[in-house]
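These notes are about the structure you will find just below.
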Amino acid sequence: MSVHTSTETETVARVLGEATSRHFGGPATIDALSRQSGGASRQTWSFDAVVGGERHALILRRDPPAQGKTARERAVAIDRATEFRVLRAAHDAGVRAPEPLFELTPQDGLGEAYVMRRVGGIAIARKLLRDPPYEAARGKIAGQLGEILARIHATDPATLPHLPRREAADHIAELRRSLDALGQPQPVFELALTWLDRRKPAPLERPVLVHGDYRTGNYLVDETGVTTILDWELAHLGDPVEDLGWLCVKSWRFGAIDRPAGGFGSREELWAAYEQAGGGEVDPARAHWWEVFGTAHWGIICLNQAWKHLSGSIRSMEHASIGRRAVETEVDLLQLLKQGG
Amino acid sequence: MAQDRPTAAELLTAIADFLREEATPALDRSEPRLGFQMRVAVNSLAILEREVRLGPAADAREQARLVGLLGRDAPLDELNRELAHQLRSGERDETDAALMAHLEATISDKIAIANPKWR
């Protein structure tokens, strides 16, 4: 699991001291440095930089140089430099996204890495759905997610770096390749992918910036509601309804199954807020298609997570156990297909 | 040769109970990150306990249904491979009532092992 040694922390602190000093144009002291997320290959570190008496709350996003990514991660996730430019474009367009500050250089030796401002709030669904401090926020989240998403999709493509274009047909082909690579026959996922293939929406003439992982767990919330949208590494160009469908996948409701919009509201509430904020009109059949797709997608991601352990690329009980969650999406897929579409 | 009791399911339950009731609270106090990992482990042991108890009969039912559906007998994995192939090619789809009854039953047995609370 964790390779979080004191040596690694010391190295990161020293490099951050040099890099933040360069960026702010004065000697910076690094304080309260701590590793946030568990992944070995995609790290998030939180720290403060004190420059000329002013304290900056910051985040380091980092892919260490020596860590192997799986072929699938390389195929679907953008690199850190591209992520930095997507954040810059989205933030400049008024999206509630973290403000990216500067990139580290290869000479810094931390791998692909950049620094952004830290925003307050928590992402833990269990707390957001049940704890008293978020009582008032809970009623607002579905609408806010609709508004923010409309802004993401309105980002001017000319301000974006080169991003992969991914349409329905590309997604289906990718999931079938995944199933083939895993090697275990999966009748329910095959059924769902054929259903999806036969009904797939036509590509848009003008694809938009799709966040790609817009769901509960990937945004921060404080007492006032959603503060910022995180985890942009699956950003691509495509169908805006993809993000609306993914947000409504049952796995992100964390038990609040009667509130499809991330566990916080109805689909209609989400779509109304999206349309009112300037997003296009949402076709319910198209949204249903993307929700079915998202459900199959998450199920196959679960199988892939287990495969990372089984193939030896990451030794992790947690990854192994996620494989047994795939069946949850098989239950959901059979329910969704019964609803037609 | 039969092993003495506890059965595999009984032993798994005893281990899970110990880890949940005694080891996890101690870890939560000293190493919260490991406390989380321990919950994952306890949950996985509960899956194994249900699999040991319910898995063999579920596999036999799945096999019998597949033999009926595909009209031939073969190992479970081979039959599932054939079915998966038919579903990818579109030879069978959700309009096939016998197919859907089989998948519903199979997934119902699978979730009863992996996560009976899922709905």
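The values are calculated or read from the model by the stated rules, or taken from the named source; none is laboratory data. Just so it is clear, the structure is predicted and the values come from calculations on it, not from any experiment. Ideal geometry is used to build each Cβ from the backbone, glycine not excepted, and the neighbour counts take in all protein chains shown. For the accessible areas, the whole protein counts, side chains as well, though only heavy atoms, and no ligand, DNA or RNA atoms are used. Shrake-Rupley method; radii C 1.70, N 1.55, O 1.52, S 1.80 Å.
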Would you kindly find the accessible area of residue A:271, with a 1.4 Å probe and non-protein molecules such as ligands, DNA and RNA excluded, rounding to the nearest 10 Å²? 30
With the other protein chains left in place, how much accessible area per residue, in square angstrom, belongs to the protein assembly as shown at a 1.4 angstrom probe? 46
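For chain A, what's the relative contact order in percent, using C-alpha pairs closer than 8 Å and at least 6 residues apart?
15
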So, taking all protein chains as they sit and a 1.4 Å probe, how much accessible area belongs to residue A:338, in Å² rounded to tens? 140
To the nearest 0.05, the calculated FRET efficiency linking residue A:159 and residue A:276 through their beta-carbon distance, R0 being 22 Å, is 0.40
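To the nearest 100 Å², how much accessible surface do chains A and B cover up together, summed over both, with a 1.4 Å probe?
It comes to approximately 2800 Å² buried between A and B.
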Beta carbons within 10 angstrom, averaged per residue: use that to sort the peptides A:13-25, A:153-165, highest first. A:13-25, A:153-165
With point charges of +1 on the Cβ of Lys and Arg and -1 on the Cβ of Asp and Glu, referenced to the Cα centre of the protein assembly as shown, which listed residue (B:25, A:279, A:93) lies farthest in the positive direction of the dipole? B:25
Any idea of residue B:99's accessible area? Nearest 10 Å², probe 1.4 Å. 0
Could you work out the relative contact order of chain B, using alpha carbon pairs under 8 angstrom and six or more residues apart, expressed as a whole percent? 25
Please determine, in degrees from 0 to 90 and to the nearest 10, the orientation of helix A:267-276 with respect to the longest principal axis defined by the Cα atoms of chain A, where the helix direction is its Cα long axis. 60
Which whole number gives the average, over all residues in B:84-93, of C-beta atoms from other chains lying within 10 Å of the residue C-beta? 6
Here the membrane-span-like helices of chain B, with no claim about any membrane, defined by DSSP H, Cα axial extent at least 24 Å and mean Kyte-Doolittle at least 0.0, are B:32-70, B:97-114
If I build a Gaussian network model for chain A, linking alpha-carbon pairs within less than 10 angstrom, which residue out of A:212, A:53, A:143 has the largest mean-square fluctuation? A:53
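Just checking the output field for A:173-185: average partner chain Cβ neighbours within 10 Å of each residue's Cβ?
Average per residue, whole number: 2.
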Report, in degrees rounded to the nearest 10, the 0 to 90 angle that the Cα long axis of helix A:135-153 makes with the longest principal axis of chain A. 90
For the protein assembly as shown, what does -39500 (n - 2.57) per DSSP helix run (n ≥ 4), summed and divided by total residues, give at 222 nm, in deg cm²/dmol to the nearest 500? -17000 deg cm²/dmol
Can you give the angle from 0 to 90° between the axis of helix A:168-182 and the longest principal axis of chain A, with both taken from C-alpha atoms, to the nearest 10? 80
Those GluC sites (Glu not before Pro) from the range A:245-300 that are DSSP loop and have at most 16 other Cβ neighbours within 10 Å turn out to be A:281
